[in-house]
Structures are given as C-alpha cells and as structure tokens.
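Chemist: Below you'll find the structure I mean.
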Amino acid sequence: MNYKWFDNLVDAVRIYLPQVDEDRLKEAYKFSEKVYKKLKDDHPESDFILRPKNVVDALIPFKPDEDTVVSAFLYDAIDSGVIDKADLDERYGEEVMSFLDGLQILKSIRVVNYKSADKVDLLRKLFLVMAKDIRVLVVLLAVRVVQMRLLEKLPEDCSVAFAGEVFEIFVPIAARLGVYRYKTVLEDYCFRYLQAEDYKNISAQLDKMGRKKQGYIDSVCRELKEFYESHGFSGVKVTGRLKGVYSIYNKMKKKGLTDVDGVYDLFAVRVILPSVHEFNMEEDVSKLYEALGTLHSRWKPIASRFKDFVAVPKPNGYRSLHTTVLGLSNGDFMHPVEVQLRSDAMHEEAEYGVASHWLYKDTRGKGFAMLKAHVDWLKSLAALHADIKGDEKALDSIKLDIFGDRIYVLTPRGDVKELPTGATTLDFAYAVHTDIGHRCILAKVNGKPVSFDTELENGDTIEIVTRKDGVPKLEWLSIVKTSQAKVKIKNWFAAQDRQKNVKRGRDQLNTQLARFGKPLLAPSLNILKGFGGGKLNSTEREKILEEIGKGTQSASNVIRKLFEYYDLLEDKKYEIMREKKDKKVEARAKAKAKDLDDSVILGGVTGMKSNFAKCCNPSSGDDIVGYVSSLKDSATVHKRECPILAGLNPERVVSAHFKGADGRKRGQLYRVRVRIEADERIGLLGDVGSTVAANGVNIVSYGPLDSGKAGIAWVLLELDVGDLEQFEKALNSIERVSGVRSVIKVT
C-alpha cells in the first residue's frame with residue numbers, strides 16, 4: 001500500500017469533504033490493492049488490468065462523495081472471488097452495494113470484437129443505470145479514461161474495437177452530461193487509435209510550434225489578467241490551453257484545410273470571474289457582460305464568432321460567453337484568439353457537468369435527492385441515440401425495454417406516444433401538441449370520459465376533445481407530471497400581458513378567498529400588505545397578483561401564507577375515535593415536541609427539517625412562520641413579528657404553527673360546511689356525492705337549498721376532512737362535476 005499516495009488522497013478529499021471517514025477509505029484502498037494483486041497473479045500475461053487507485057485519481061478533480069470513492073476502489077471486488085456480496089454489503093453498506101450492482105450491469109458486456117446487438121445491449125444497460133444513479137456512469141467514464149491509457153498494450157484490432165465503442169457511446173454521453181474534462185480526453189485517445197495517420201499529422205504540426213505556442217498562451221493570459229485588473233476587475237483568473245487534437249481536426253476538415261495554421265481558434269483563453277449571487281440566490285451575470293464589453297473596447301471582435309451560452313445555455317447546461325478577437329499577439333503568432341468569459345460556478349459546471357453537483361450530498365449519500373433534482377441531462381437522454389452511430393431500427397426495437405419507468409399509449413389514429421409512469425391525460429395532450437393541451441376540455445381513455453388527473457397505463461388509447469376558446473387553468477400545474485407540460489402551461493400564462501395577468505391573478509385569488517369564506521380583495525389590496533412578513537407597497541401587492549396570473553405563484557400558496565392553517569378549515573373541530581389523554585400522555589407529547597421536525601407544521605406539511613431562528617428565539621405558543629432554504633429541504637422558524645423577515649425573500653416565507661396549536665392531531669377531523677352552486681339537473685346530488693366519496697371524504701349531511709334563481713340549485717354539504725390538502729382536493733373534484741358553477745366554504 002502506497003501510504004504517501006493515500007495521505008495525499010485524504011488531504012485532497014478533506015478540502016471539500018471535511019467529515020470524510022479516513023478509516024473507511026483506507027480499508028477500501030487496502031482491499032482494492034489486494035484484489036489488483038490477485039488479478040495480476042491470476043493473469044500474468046495480461047497488461048490490460050485496471051488498478052482502482054488510478055480510477056480514483058481520475059475522479060478526485062470531480063470532488064466525489066465518500067461512497068463514490070469507496071465504490072471506485074471496489075470496482076473489481078465482486079469479480080475477484082476474494083469476497084462475496086454479502087460480506088461486501090455488511091462491510092460497506094447498502095448504498096455502495098447498489099453502486100457496485102450498477103457497475104456490474106455495465107461490466108457484463110464485453111466490447112472487444114462486439115457486434116451490433118452487443119452495442120444495443122450496452123446502450124440499454126447504460127440507460128437503465130443512468131436513470132437510477134448518474135454517479136455510476138461518471139465512475140465508468142473515469143474507468144474508460146484509465147483503460148484508454150492501457151490500449152497500446154493490446155493488439156491493434158482489439159484497441160481499435162475498444163476505441164470505437166468508447167467514441168460512439170461514451171464520448172457522446174460525456175458531452176450530453178457536460179463532463180467536458182472526460183469528453184476531450186476520451187475523444188483524443190479514440191482519435192489516436194481510430195485515425196492514426198490524421199492524429200500523427202496534426203500532432204506533428206502542433207509539435208513544430210514547440211515552446212512558442214505555450215509562450216504565446218502564457219503571454220496572452222498575462223496581458224488579459226493585467227488588462228482586467230487595471231480596469232477594476234478583482235479576483236479575475238485567466239487560463240489558456242491548446243484545443244484538443246480531435247477538435248482541431250474537425251475544424252480543419254470543416255474548412256478543407258491541410259495546415260493547422262489555417263485554423264482560427266487553435267487556442268482558447270478562459271477569463272474566470274468570481275461568482276456573484278443576488279439576494280434570491282440567482283446568479284448575477286451582469287459583470288460578465290461588462291467584462292465582455294471591456295474586452296471589445298480594447299481588441300476588435302470577429303462578429304460571426306460571438307456566442308452567448310449564458311442567455312441561451314446548451315442542452316447539457318453549459319454556460320459561457322464566447323468571443324474571438326484580433327490583435328492579441330506577442331509577435332510570434334498572429335492567430336485570432338477565442339476568449340471564453342464565465343463565472344467560477346459556470347467554470348465548475350463546464351469542467352465537471354452533472355458531477356459538479358455532488359457537493360450537495362453528504363458523506364453517505366443521504367442528500368442524493370438534491371443531485372437528482374438537477375436533471376437537465378434527462379431531457380436529452382431520449383434523443384441520445386441520435387448521437388450514436390448504429391442500427392437505428394435495432395435501437396427503436398429496444399425502446400420498450402430501456403426504461404422501467406416509461407409507458408406507451410396510443411392516439412386514436414394509432415400513433416405511439418412515450419410518457420413517464422404516472423403521466424396524466426393532460427400530459428398526453430401536451431405531448432401531442434401545445435395547442436391541443438391549451439385548448440383541451442375533455443379527455444377520453446379507451447372511449448370513456450375521464451378526469452384530467454387520470455393516470456395512464458400501457459396500451460391506453462386517449463382522445464382529447466378541444467374547444468377553440470379553451471385556455472389552460474392554473475390548477476393544471478398540480479395535475480401534469482412532465483416538465484414539458486409544466487413549462488408549456490407556465491409559458492402560456494407568462495405570455496399574457498401584465499394587466500391581464502393582474503386581472504387573472506385577482507380573479508384566482510378572489511376565487512380562493514370565496515372558497516374559504518374570506519372577504520374578497522379590496523381595491524387597495526390591504527390583505528396583501530403584510531404578505532411574507534413584510535410591508536408591501538401597492539406596486540408590490542399588485543406584483544403578487546401578476547405572479548399568480550402568470551402561473552409563477554399559485555393562489556392556493558398565497559392563501560396559505562395569508563391565513564393560519566386551522567383558520568382555512570373551521571373554528572369547530574370534531575374528534576373522531578380519540579381517547580382522552582391523561583397527564584402522562586400529555587408529558588410524552590411535550591417531550592416529543594422537542595423534535596422540531598415533528599413539532600412544527602410548515603405550510604400544512606409536517607416532517608420538514610427545521611430549526612429555530614436565533615434572532616428571535618421562537619418557542620411553543622408563539623405566532624410563527626417558516627423561511628424555506630434555497631435547497632428546499634429545510635426551513636428556519638421565526639416569530640411572525642421578527643424584524644429580520646423584512647429583509648428576506650417573501651417567496652420563501654410559508655405559514656407555520658406548532659403541532660397542537662391548531663388541534664390537528666392523529667385521529668381528529670375538521671368538520672367543514674360548503675355550499676355548491678350549480679345548474680339544476682337530474683342526478684346532480686348523486687354525482688356530487690360519489691365525487692366527494694372518491695376523495696375519501698365523509699359526507700356528514702347534505703341537502704338542497706333554495707337559491708332563489710330559476711334553473712340554479714344550491715347544495716349544502718357538511719364534510720369531515722383530515723387536512724387542508726384533502727379539503728382542497730375535494731373542492732377541485734366537485735368543481736369538475738358537470739354543471740357546477742362554484743364551491744365555497746360557509747360558516
């Protein structure tokens with residue numbers, strides 16, 4: 001065991017992961033060296049045996065979490081015969097075993113002398129593993145980088161076959177995930193074996209430039225750094241590099257060149273500025289554009305070479321400003337220079353792609369939900385096969401097997417649509433066409449009318465009925481499951497002009513207020529003055545209505561922030577099947593209340609991680625609110641009158657109360673009375689009753705009332721509901737009953 005190497009590894013990991021378990025890493029390292037020695041002894045004639053420590057070396061710049069490093073060490077453990085899976089599970093835990101299982105799936109196919117069917121099988125397994133845990137694929141990319149360094153020890157036909165598989169499959173995947181550090185290295189290695197003559201030709205031309213090229217890059221970097229510092233840009237970093245051999249080859253091929261000198265942008269210089277974040281934690285990119293303008297004021301840009309990937313990022317999330325300028329020269333070279341301007345955060349993402357978000361995890365992977373939330377790469381996953389050469393018919397034929405979480409449904413004409421499991425009829429409508437989604441008024445599944453929130457199943461045939469003047473409804477955002485449908489709905493609301501959005505937001509908020517028996521909005525919007533714990537002026541109050549109208553804020557969420565949880569249901573609470581508590585039970589309840597996660601209800605939801613704000617020290621009995629963190633998995637509890645709230649983002653303030661403050665306990669229901677206004681028709685009461693029952697809500701009593709209007713019926717219901725979510729769902733369902741005009745809570 002190389003103790004110096006291991007100590008350096010631990011030092012590197014501790015920089016970004018101070019809580020790393022050194023003993024756990026050391027045990028995995030020792031075991032990996034034992035496995036490596038056994039494999040070398042068993043196959044003394046083979047030089048193509050992976051040493052896991054080299055994989056870990058390739059991974060460390062990506063700042064992997066502890067489980068990822070351990071799994072990289074154990075890459076060959078299951079195949080070695082040194083230890084069985086049960087012992088591995090006991091020694092390293094379930095998370096690592098799941099990781100190793102994913103690696104085993106990808107190792108199960110041999111790529112040397114592969115056939116088309118093998119490649120298709122590999123793709124199927126890749127997609128399957130990617131969908132479960134993206135870290136597994138990043139480790140496999142590191143493995144491929146290490147293996148490419150060993151290719152020269154293989155026979156030529158084997159090395160070419162291996163390089164071909166990496167080039168056709170793993171290079172495009174690395175690009176899609178934004179892992180450019182691996183993508184460039186793999187690309188150049190593959191080019192070296194697949195087009196050896198072209199590789200040697202370009203490499204020889206670059207070598208002729210010798211020290212001059214590096215001296216030129218260094219001088220340009222110094223000049224740019226001094227230039228920006230003299231113009232008041234502090235903390236700026238400037239680095240330069242020669243572009244990859246394969247990248248240069250592509251540029252020459254595109255322009256029909258035979259000489260490297262004809263390539264404009266042989267060199268790329270990166271100007272990296274410190275990341276700046278606004279109060280709402282969004283990145284402020286204004287300094288980047290200022291730096292771009294400053295650069296162009298000194299060196300003339302080539303207009304056709306400017307690209308703005310900040311305003312319009314690449315599909316894999318890459319963000320940067322690219323410009324090519326003339327005149328940056330030290331006398332030896334007169335090439336135009338490509339300058340890339342980006343922030344520290346953008347640079348991190350550009351180098352490491354999806355892996356740059358590993359730092360949101362803790363040492364044992366419990367925070368992996370944050371990594372999964374960064375799923376831009378999933379948007380391009382379905383189109384990945386377009387980047388891979390192969391038998392397209394074969395790729396299409398295995399689509400049904402690639403994902404276990406996909407369903408396939410039919411249009412009335414027999415066209416197949418692929419949707420995620422849990423997708424609704426509304427998701428289907430938007431998958432067919434944006435206008436079909438916007439204008440749909442009815443959905444039929446297998447010939448039968450169904451509600452918009454009906455989940456589809458494999459083989460269903462769906463028909464969408466539209467109306468010319470149909471428009472989306474805000475509640476659809478809570479019905480659709482696909483990001484595609486959500487974006488289309490939000491874009492529709494955002495496209496409307498401001499006044500229409502304000503009017504729509506006013507109507508939606510008034511509808512919610514009326515639903516809960518609250519006074520409607522006054523012209524001054526006084527009810528919104530204290531929204532989010534602040535003191536909003538009239539413009540800020542109107543802005544809330546505009547956001548509701550645009551769909552970026554929901555009226556339901558605003559209502560929850562304006563009123564306490566219990567106030568939205570009823571002032572009388574009826575306990576169902578509850579035993580009386582004695583003093584010991586009360587004492588246990590108070591002791592349990594010390595656990596904040598269980599004692600505080602935030603926005604109607606219990607169990608969210610929370611902590612008390614030290615600025616106001618709230619305690620049981622205080623009137624409180626919650627401030628949700630930017631990661632959205634925890635909140636800080638403040639007193640409602642806490643002055644700190646005035647300086648915080650009101651969008652993140654949610655209603656809160658101590659469990660027990662509103663009487664909401666297990667076994668207890670709220671008795672709520674609602675009045676339904678509907679068109680008179682036969683069967684109205686039956687339809688309403690079955691709809692309420694379908695939501696698991698008990699109807700205590702119901703009956704018709706005299707509306708005083710011809711053709712209009714009023715129905716009074718008395719319901720027992722468990723919580724606000726169940727009540728709102730019941731109201732939404734009643735509103736969808738044919739002929740129903742409105743549903744409001746009455747006292």
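Every read-out reported here was derived from the displayed coordinates using simple, explicitly stated rules and does not represent laboratory data. Everything numeric here is computed off the predicted structure, so don't read it as measured data. Backbone-built Cβ (ideal geometry, glycine too); neighbour counts: all protein chains shown.
Chemist: Counting only Cα, what are the radius of gyration and maximum Cα-Cα distance Dmax of the stretch 205-348, in Å?
Modeler: 15.7, 52
Chemist: Pairs LYS4/LYS40; LYS37/LYS200; LYS518/LYS550; LYS448/LYS745: which are spaced more than 25 Å apart, C-alpha to C-alpha?
Modeler: Over 25 Å Cα-Cα: LYS37/LYS200; LYS448/LYS745.
Chemist: So what is the relative contact order of the stretch 3-177, in percent, for Cα pairs below 8 Å that sit 6 or more residues apart?
Modeler: Relative contact order comes out at 22 percent.
Chemist: Compute log10 of I(q)/I(0) for the stretch 1-79 with the Debye formula, placing one identical point scatterer on every Cα and leaving out solvent, at q = 0.18, 0.23 Å⁻¹, to two decimals.
Modeler: Result of the Debye calculation: -0.70, -1.07.
Chemist: Pairs LYS213/LYS255; LYS53/LYS85; LYS490/LYS639: which exceed 27 Å Cα-Cα?
Modeler: In this structure, LYS490/LYS639 lie more than 27 Å apart at Cα.
Chemist: Then there's this: Give the Rg/Rh ratio for the stretch 693-734, taking Rg as the radius of gyration of the Cα atoms and Rh as the Kirkwood radius, to two decimals.
Modeler: 1.06
Chemist: Hey, could you get me the Stokes-Einstein D for the stretch 418-543, Kirkwood radius over alpha-carbon pairs, 10 °C and 1.306 mPa s, rounded to whole µm² s⁻¹?
Modeler: 96
Chemist: Cα-Cα pairs above 23 Å in the stretch 668-746: how many percent?
Modeler: 13
Chemist: To continue, here is another question. Pull out a ≥ b ≥ c, the square roots of the eigenvalues of the alpha-carbon gyration tensor of the stretch 132-260, then state rounded if a/c is under 1.5, prolate if not and a/b is larger than b/c, and oblate in the remaining case.
Modeler: oblate
Chemist: Right, next: Quick one: check the C-alpha center-to-center distance for the stretch 493-543 versus the stretch 245-296, whole angstrom.
Modeler: That distance is 45 Å.
Chemist: Further, regarding this structure: At 1.002 mPa s and 20 °C, plugging the Kirkwood radius over alpha-carbon pairs of the stretch 405-492 into Stokes-Einstein gives what diffusion coefficient in µm²/s?
Modeler: The Stokes-Einstein estimate is 170 µm²/s.
Chemist: Hey, another quick one. Run the numbers on the stretch 496-563 and let me know its relative contact order in percent, using alpha-carbon pairs under 8 Å that are six or more apart.
Modeler: 47
Chemist: With a point put 7 Å past each Cα toward its Cβ, work out how far ASN8 is from ARG149 in nm, to one decimal.
Modeler: Computed distance between label sites ASN8 and ARG149 equals 1.1 nm.
Chemist: Among the listed pairs LYS417/LYS729; LYS153/LYS307; LYS503/LYS535, give every one whose C-alpha distance is greater than 32 Å.
Modeler: Too far apart for the 32 Å limit: LYS153/LYS307.
Chemist: Work out, in µm²/s and without decimals, the Stokes-Einstein translational diffusion coefficient of the stretch 470-568 at 37 °C, 0.692 mPa s, Rh from Kirkwood over C-alpha pairs.
Modeler: Diffusion coefficient, whole number: 235 µm²/s.
Chemist: Using only C-alpha atoms and all pairs of different ones, pull out the Kirkwood radius for the stretch 3-177 in Å with one decimal.
Modeler: Hydrodynamic radius (Kirkwood, Cα only) of the stretch 3-177 equals 16.9 Å.
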